[in-house]
Amino acid sequence: MTASGLTPGSMRSARAPKTSERVARELVNHIVENDLVEGTKLPNEKQLVEVFEVGRTTLREALRLLETRGVISIRPAR
């Protein structure tokens, strides 16, 4: 602690959420607002990329976030 009362890290500003985190949050909102039940299929990857105006990598990261949190399950297409 310095004489001014500041400690290392005390002036850190909150970071802006990553785009994938924003997309994940919007997907959760979509699921909740539309009362989607377990097993309901989300639009395909191409459609989601267009809706969220993000790249495939960002979309896939958002989907992985939701999968690790137990919100969705990802199954490979046939």
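Here, each number is a calculation from the coordinates, and none is a lab measurement. Since the model is a prediction, treat every value here as computed from it, not as a measurement. Because the Cβ atoms are built from the backbone with ideal geometry, glycine has one as well, and the counts that use them run over all protein chains shown.
Odds and ends about this structure:
- Each Lys or Arg adds one and each Asp or Glu takes one away; over the other residues whose Cβ falls under 12 Å from the Cβ of residue 69, this sums to 0.
- Once backbone amide H atoms are built at 1.01 Å from N, residue 18 has no partners under 5 Å, excluding neighbours fewer than 5 places away on the same chain.
- Residues 46, 18, 41, sorted so that the one with the fewest Cβ neighbours within 10 Å comes first: 41, 46, 18
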